[in-house]
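Please treat every number below as a calculation from the coordinates, not as lab data. These numbers were taken from a predicted model, which means no experiment stands behind them. Because the Cβ atoms are built from the backbone with ideal geometry, glycine has one as well, and the counts that use them run over all protein chains shown.
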Amino acid sequence: MGATALDLKLNREVGFYTSKVGRKALVAVTGAVLFLYLVAHLIGNLQILAGPERINAYAHLLHSQPALLWAARLVLLTAVGLHALATVQLWFENRAARPIRYQRPDTVQATLASRTMIVSGPLIAVFVVYHILHFTTGTVHPKFVELSVYNNVVTGFQVLAASGFYILIMALIGLHLYHGLWSMFQSLGLNHPRYTPLIKRAAAVLAVAIAGGNIFIPVAVLAGIIRPV
């Protein structure tokens, strides 16, 4: 392939990714990656219900493959960065193109959901940093024990402020997921009057399940269902 052909191909690819359609596709793909991570993360976290041996063994298994673990982290961080960047760009573009808010009743729900995206995004980003410092490095966890996930989770969530912040962010993630999941299908052109309501209901169920499953853990610690050993 000659230099001219390569330049044309590169220009087409750059043009696609810098277009609104390209950014919507990028948001959809990175959103799908993050959704799969949230599902896997929840499944791993819920192993705490089986006791300290199960959840700690799970942590040891993950850390026994450092190359794979760091590869997954890099993919996740890249997805988060691209997702956030494209989402913010699209939000400002939509805002500029529609300076007057919708007044029709059938747009109220969508407008409310979309408005929370720009608010929840930065808060979730702050939470990710805090979550790493809290449960991964132990920097802001006064009773952190290396690879003792059960101990770290229980003692960490016994602090009411930490649990409250976690619950708040999980609720925002649930709302973010609801809007993101069904709008992902629209971004990919999969929009139909017959199927869109079903997609919205499925998105709501998945969002509640993921947010609720994560919220259950700090609530269970505060209620004494999950106790220190």
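For a label point 7 angstrom out from the Cα of His63 toward its Cβ, which stretches of the range 146-161 have the backbone nitrogen within less than 14 Å? The answer is 146-153. In order along the range 76-89, the Karplus-derived 3J(HN,Hα) couplings, from 6.51 cos²θ - 1.76 cosθ + 1.60 at θ = phi - 60°, round to 5, 5, 5, 4, 4, x, 5, 4, 5, 4, 5, 5, 5, 4 Hz, and Gly and Pro are given as x. Couplings 3J(HN,Hα) of the range 176-181, computed from phi: 4, 5, 4, 5, x, 5 Hz, in residue order, whole Hz [Karplus 6.51 cos²θ - 1.76 cosθ + 1.60, θ = phi - 60°; x for Gly and Pro].
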